[in-house]
Every structure is written in structure tokens, then in C-alpha cells.
1. It is to be established whether one or more residues within segment 175-182 are outside any loop (DSSP other than H, G, I, E, B), surrounded by 21 or more Cβ atoms within 10 Å (Cβ to Cβ) and touching a helix residue (DSSP H, G or I) at 6+ places or on another chain (Cβ under 8 Å).
2. Residue under question is Glu648, and the condition is that it be under 16 Å from the mean Cα position of the chain (by Cα), charged (D, E, K, R), crowded, with 24+ Cβ neighbours inside 10 Å and within 23 Å of Asn562 (Cα to Cα); does it hold?
3. What about Asp240, is it in the same structural domain as Leu69 (by TED's automatic domain parsing), in contact with a Pro (Cβ under 6 Å, 6 or more places away or on another chain), at pLDDT 95 or above and not in a helix (DSSP H, G or I)?
4. Take residues that are in contact with a helix residue (DSSP H, G or I) (Cβ under 6 Å, 6 or more places away or on another chain), at pLDDT 95 or above and among the aliphatic types (A, V, I, L, M) and tell me which of the helices (runs of 4 or more DSSP H) falling wholly in segment 560-666 contain 1 or more.
5. Select from segment 449-500 the residues that are polar (S, T, N, Q) and part of a helix (DSSP H, G or I) and list them in ascending order.
6. Given the condition more than 32 Å from the chain's Cα centre (by Cα), part of a helix (DSSP H, G or I) and either on the phi > 0 side of the Ramachandran plot or not aliphatic (A, V, I, L, M) (or both), answer yes or no: does some residue in segment 518-535 qualify?
7. If we keep just the residues of segment 354-384 that are in contact with a Gly (Cβ under 7 Å, 6 or more places away or on another chain) and closer than 15 Å to Ala327 by Cα, which is surrounded by the most Cβ atoms within 10 Å (Cβ to Cβ)?
Amino acid sequence: MRTDIIHSIRRQDWTKTDRDAEALTREWLVTNGLGGYASGTVAGVATRRYHGLLVSAQPAPLGRQMLFLHLMERLHLPDASVVKLSGESHEREGLFLHGADYLTEFRLEMGLPTWRYEFRDFILEKQVVLPYEQNTVYVIYRLLAGAPVRLKLLPCLHNRSHDAPVSDPLPGTYSIHEKGGYLEFDPPAGLPALRMQIQGVRTAFTVERRTLPEVLYSIEASRGYERTGSLWSPGYFRGDLACNQPIVLVASTDAWQVVEALDAESAREIELERRRHLVSQAPLAAQQGLGAELVLAADQFLIKPVGRIKDSARIKARGDQIRTVIAGYHWFTDWGRDTMISLEGLTLATGRAAEAGYILRTFAHYIKDGLIPNLFPEGHNVGLYHTADATLWFFHALSRYVAVTNDLKTLEQLLPKLTDIAEHHMQGTRFGIGIDPQDGLLRQGADGYQLTWMDAKVDDWVVTPRRGKAVELNALWYNALCLLENWQRQFNGAASAQRWLEESQRMRASFNQRFWYETGGHLYDVVDGEQGDDAACRPNQIFAFSLQHPVLDRQYWEPVLNVVQRELVTPVGLRSLAKGHPDYRKVYFGDRRSRDAAYHQGTVWAWLIGPFIDAWLNTYPEDKAGARKLLSNFNQHMDEAGLGSISEVFDAESPFVPRGCIAQAWSVAEVLRCWLKTSDMPAEE
């Protein structure tokens, strides 16, 4: 094992930028391994409903709860002047970026956000730490230079679901209690209490209840949602800040005995050590630079879902662990499709194969009618099953897991479930998902449902229904049939495998006959659809020869690759639709209807660079360098939007503005997986 691992620190010098714009549009994120998180802008202004210092993961039916939203920070200097560090945004009074005037550096130190402020002879650093698997946040202030100052901190609270509009009314009257050295702010019954404590020299708390009305959230306004809301403050903390005498504000929904187990410095060092260990167990190519940052970014999505208590108890009783993947921050929960696509990059490419096994066995627990869940809604224990592709991605993820671990026990344990999945597809299952007995191709479709990954829906409008026989579904079905055939032969003999061999051969012949679109030199996106065969040039055709078992005949690979490269490839992923199509949209912006109308109609998806690189290397196996070039722009992107991570989507044309989630699981997973795949560094020393 290497001992010279380079710490992952992404720095930005804020003295050389347009500080106001940069500080407002750059966002940071810290997660806790439970689905909870802290997040905000570098400026300290909350611009989204999801920005806060503590979003606590709670059991169903609560889900993730926004509790500690904002912190007003004031430094009282020896000459009686006051320095304001955190920004504020008010509907009538406008925007105030107080701290941007003094911010000289923002950095991610092993993923932990750290601010450096300089004013006169003073230098101050602030850092936010969330201990792993705790609903606790530490905000740590250190004076690095200058005479002692008085620090005043005014916490602003709004106990609501993190998904709730900012205009949701405050939950009612909070009660304030002092218990054993900490303060407890109790909302009305049924909501979690927030416990807080200030640690340092000459610290105190002053009760001064107040409501802050008309707080403005600018991104919510741009997305067509309610733009203003109220916050409540119980009062303010204060303490003396001097060199070598830090001040720490602790906030938690955990039992205080849990919080007291670690002081702030211990919590910080333990979390840094955990992160160093994550990097050290990754492959060599991911132990420094961009690779190491992606390993840390990947960690944000792997969680223990605390809300599903009964499921967790059942899984633990079998001697296993419950694990899942948050599809994206801030608003996604765990999605079956995203989890299976992301599994290789998040776990197998980061040295966390045991967690990959946990995830696969967790989702196997939920198989019903031949399907795995599409998603678990926020605050719910029961999954929704309206997906035609997530279950087929389950076969792919399991195959990649077994290839890395040789865990034949898990494979043998799941084989009956895999066979049951295939049988349900052959006979037909929910939402019109089933095999056409005439040609062996997989079809799907049900009114009011969007069953493929192109799943935008606004009210009753399914934007891209793609009902019929979708190209990537059939590529995934063929891959699943080939895998099932091999696994049946391995465990049950040739006779058990024969049926699946014959089925795969039949559908492969049909696929190559039906999906080749001679006029365009590429593949149909859907055949036998509601409007006939759909010749739209979309990235879905890449899966026909990117998977382990390509369904597309070799003669078509290069023509398809050329068309996709010309029409769809961008510096940050693949367009979801070629420019010439009448439904093409070049900008993903506006209210929900405007955004969803563009979501899969041109908008660039970062994760699609992964299957494109797979198809590229299948076609040109000696051209690793060419494939690596396709990843070159992601390093620059990690300095914008969600710092240190990769966004969900981008506008379809230059300058390819990042949109959607600031941190998306399959974006990070696929870039990391392909970063390693195209590396010349050996897998082991």
C-alpha cells in the first residue's frame, strides 16, 4: 500500500475572481453517510430550499429534515468595529455578500469545506465537519492571526422537510431548554428537536427570540418555486476567539451522549482519517489528483438508509448490512436504476466491494413481480416499481461485482431471483413490460408512466414516453439473457442454460433486423412505437455495443459510433437528442415544465460519457488516449457548480452551463470508472 498519498485539496483564490458571482454560484456539500447533509454557497447565502448547515436523516415518515438553515456570523473587533462574514438575502432589502469582501481562499480539504478570511491584521478560518453516520454538524472557527475578537453567532431555524417549499410556515412556537450544558430547541410534537452548544472561551447564549421574514432564495425563484420564507432564531451565541483558542458551534438531532463522545477536533481528525483511508484503499490511479477527488465525491452517495427500520432489522438478522445509493443531491432519494448504473464506479472502482455486495443483496430483498424498485420516495418505506430498465441494470451490476470479487456465494444465492425476473419478463409483468412472442424483443408502455431512464413527466404529460421496443432496453435484455445463460450453465448445467441461449439468439437476430436505420446510418431509438419506428438520434443506441455482451452486429459499431460522436458528444457528456430534431432544446432552465420539456430533448448528461467510452474502446481497443481525452473537461467542471463533484446535466450547447443536481451519483461514478479504465497506471504495485 502506498504511504505517500497526496491529500485532496481543491483551492480557489477568491481575490482573483468576480467574487460576488463566483461565491453565489459555487456550492459546497458535506454528507453524513445516512442521507443527511450540510450544503450552501461559498458566499454563505442560502439560495436553495436545500441549503442549510444540518439536514438530518430521520426515520419514515419524516425523511430528511431541514433544521439548522443559516448562521449569521459577526466579529466584534478590539476597536469596536464589526465584520460580517455570512451573506444575507432579503426580498425587499436585497442581497448582501458581506463575507465575499474578505474571503481570500475557499478550499476542500479532503472534501471538507474551509473558508479563509483576511481583514486588516486578522486571518480567520472556518470549517464545517459532519461526523460519519451522525446527524451532527460542527462549525469550527480558528483565528490564525490578530488580537482576540468577540464572535457572535445567530442561528436561524426552520424545521421542515428539506423538499418543502421555503414558504412553508414555521412549525409553531419553539420551546427552549437548557440540559447538561447544551440547549434544546423543541418544535411542536412530532418533529425532531435541535440540540446546540457553543464550545470555547467565555462562551454564552442570550435568548432573543425573533422571526426573520421574507428571506429570499434566488435559485428557487429561477426554478419557478416559491421564493421567500421566514426563519426563526432563538437568540445568539457568543465567545472569545483567539489564536490557539477556537470556537465551535455544535448542532445535532442525536442523543447528546453520542455528540459528547467526540470533541470537535477529534471529530475532525477522525473524519479526515476516514477520508484518507477511502483514498488509500482505492486503485493507485485514484490515490491522487482528480482520481482522489472523485473517490471522495463517490463517498457522498453511499448511505445506510436509516428510515427503513423494519427492512434494516430483517437484513441485519441475516448477518448482512443495508446499503443504498442516493442518486443525487439535493433532492433525489435512492433510485434503483441510478444505483445499478453507479454501483461499479462508486464501489468496485473505489475498493469498496463489500458495500457493493450489501447494495445488491439489499435490492434483491425488494424484487417483486420480476422488478426492482424504481425509487423510494422521501419519507416512505415502500418503493415504487415503475421502471423497465432498473432490473436489467441489476444483472449488469451483479456481473461486474462477481468479476471483481468472485463472490459465487452471492451469485448462487441470487440466481433463483434472477431466473424469476427473466420468467416474469417472458410472461409479461407490470406496466406492459414483457417479451413480444413474435420476435423476442422487449416492449414496454403504460398510460401515464415513463418507464425508461428518459423519465420526465409533468402532471399528466409524459414528455418522452418511448412506448414500444426501446433500443437500450433490448440491449440490456440481451445482456441479461447472456449472463443468465452463463450463470445457469455454471451452477445448474447445460440443459438449464439452453432455453436462455435460444432466447438470446432469437432476439439478437430480431434486433439487428429491426433496429438498423439505414437512412441515418444509426439505430432507431424505438421500434413498434405508438407512432411507428422512431428514428430520433439519441444516445440510447450506444448501449447496443457498450455492454459486456453486445447485441449489435460488429459491422454497425463504427458507423453508429461516428454518428453519435458527431451529433451527441460534448466536452461534458452526451446530448440526449441531436440538434436537428424538431423537439431539440438547447437550454435547460426555467420552471418545472420548461425544464422537463428539455430534460431529455438535447440536455447533456454527464453519465453517458461512460457507455460512450466503453463503446469507443470496444471499437478501438488500442485507443486509450483518445478515450481519456473525452474526460479532460471534467477537472475544470469540478471548480464550478457543486465544488469537487460532477453535476447531473448541462445545457446542450456552449458554454454548457451545469444544471440540475450539483452532485449526481452516476455522473461521478461513470467518470471515475472511465478515469481508471483509461489510466496507464497498473491496478496494483
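The values are calculated or read from the model by the stated rules, or taken from the named source; none is laboratory data. For clarity, every value in this text was computed on a predicted model and none was experimentally measured. Every residue, glycine among them, receives a Cβ derived from its backbone with ideal geometry; neighbour counts consider all protein chains shown.
1. Among the residues of segment 175-182, not one is outside any loop (DSSP other than H, G, I, E, B), surrounded by 21 or more Cβ atoms within 10 Å (Cβ to Cβ) and touching a helix residue (DSSP H, G or I) at 6+ places or on another chain (Cβ under 8 Å), which makes the answer no.
2. no
3. yes
4. Filter on segment 560-666 gives 609-619, 624-629.
5. Selection gives Asn474, Asn479, Asn486, Gln488, Gln490, Asn492, Ser496, Gln498.
6. no
7. Per the stated criteria, the residue is Phe363.
Let's see how each residue does on (1) modelled with pLDDT under 95; (2) assigned by TED's automatic domain parsing to the domain that holds Gly87; (3) not in a strand (DSSP E or B):
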residue	(1), (2), (3)
Ala189	yes, yes, yes
Pro192	yes, yes, yes
Ile198	no, yes, no
Glu214	yes, yes, no
Ala251	no, yes, no
Glu273	no, no, yes
